[in-house]
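Below is one structure, written out as structure tokens, with a few remarks after it.
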Amino acid sequence: MKVLKHLFENNRRWASQQTQSDPDFFNRLLQQQSPEYLWIGCSDSRVPANEIVGLMPGELFVHRNVANLVVKNDLNCLSVIQFAVDALKVKNIIVCGHYGCGGVKAVLENKNIGLVDKWLDNLKPVKENFQRDLFEIKDDALKFNKLCELNVVEQVFNVCNTDIIQKAWQREQNLSVHGWIYDIKDGLLQDLDVCISSSDNLENSRNAAISKIFTEK
Ligand code: CO
């Protein structure tokens, strides 16, 4: 008997439903994938990329890690971005954070969890850079939300500042980078109004996105 049998049963049911509603479904996917979107999100099980945006297999290229971080020496994330941009020619990169993110909370509260602390060190500069503005927010829940939003904005610009994206824009590839945040409590996505499509005025766009976060309370 297979272990985790219920998951195999779910799988058989899912595959047969797909084939019933679209007999050519798997054949088409077998030929090639041509997603228009790269999703960079948190590993959190409550934030399933495809389902949130209603996209089918083949439509969304996905990278997830704890706290949706884009770190300039992370070969894993950079490889995903490079393949998505250079080979798949995605038109949109979506960095999607979420409220209630455990990784963000650990950094906000200086908690030690174990090995993952090393990874979350990459998030500390986001907190430190905005320490003063965050300190002024007395409501702890709001402060937590704001750090989740700031993290998204900073990761968007980390994506934009990679050589991969800079080169894509230099050759005038059609490519935008977006910052979104997902709310676990109602399943709704919110656009943080960051949509970057060229390397012009990156610093101004970043400052505008950050000041918007602190003016909306
Ligand atoms: Co998270």
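Would you check which residues across segment 28-53 are of a type outside the set (A, V, I, L, M), at pLDDT 95 or above and outside any strand (DSSP E or B) and list them? Working first, answer last.
Filtering segment 28-53 for residues of a type outside the set (A, V, I, L, M) gives 28, 31-37, 39, 41-46, 48, 50-51.
In the following step, the residues that additionally are at pLDDT 95 or above were identified as 35-37, 39, 41-46, 48, 50-51.
Matches in segment 28-53: PRO35, GLU36, SER43, ASP44, SER45, ARG46, PRO48, ASN50, GLU51.
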Considering (1) exposed (fewer than 14 other Cβ atoms within 10 Å of the Cβ); (2) aliphatic (A, V, I, L, M); (3) in the same structural domain as VAL177 (by TED's automatic domain parsing), say which one LEU4 fails and leave the rest. (3)
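Being away from the ligand (no atom under 16 Å from the Cβ) and surrounded by 16 or more Cβ atoms within 10 Å (Cβ to Cβ) is the filter here, so list the residues in segment 59-81 that pass it. So that I can check it myself, show each step before the final result.
So in segment 59-81, the residues away from the ligand (no atom under 16 Å from the Cβ) come out as 59-61, 72-76, 78-81.
Across segment 59-81, the qualifying residues are LEU60, PHE61, ASP74, LEU78, VAL80, ILE81.
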Every residue in segment 117-149 that is loosely packed, with under 15 Cβ neighbours inside 10 Å and touching a residue at least 60 places away in the same chain (Cβ under 8 Å), please. LEU142
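For every residue, the table says whether it meets (1) under 21 Å from LYS72 (Cα atoms); (2) more than 15 Å from the ligand (Cβ to nearest atom); (3) in a helix (DSSP H, G or I).
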{"position": "ASP86", "(1), (2), (3)": "yes, yes, yes"}
{"position": "VAL90", "(1), (2), (3)": "yes, yes, no"}
{"position": "VAL95", "(1), (2), (3)": "yes, no, no"}
{"position": "LYS105", "(1), (2), (3)": "no, no, yes"}
{"position": "ILE113", "(1), (2), (3)": "no, no, no"}
{"position": "GLU128", "(1), (2), (3)": "yes, yes, yes"}
{"position": "PHE144", "(1), (2), (3)": "no, no, yes"}
Looking at segment 16-58, which of its residues are within 14 Å of the ligand (Cβ to nearest atom) and without any contact (Cβ under 8 Å) to a residue 40 or more places away in the chain? SER43, SER45, PRO48
Given the condition surrounded by 15 or more Cβ atoms within 10 Å (Cβ to Cβ), assigned by TED's automatic domain parsing to the domain that holds GLY97 and in a helix (DSSP H, G or I), answer yes or no: does some residue in segment 167-174 qualify? yes
Looking at ASN158, is it closer than 23 Å to VAL66 by Cβ, open to solvent by less than 60 Å² (accessible area, probe 1.4 Å) and not in a loop (DSSP other than H, G, I, E, B)? no
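The values are calculated or read from the model by the stated rules, or taken from the named source; none is laboratory data. Note that the structure is a prediction, hence the values are computed from the model and not measured. Cβ: placed from backbone, ideal geometry, glycine included. Neighbour counts: every protein chain shown. The protein model used for the area step is the full one, side chains on, heavy atoms only, and it has no ligands, DNA or RNA in it. Shrake-Rupley method; radii C 1.70, N 1.55, O 1.52, S 1.80 Å.
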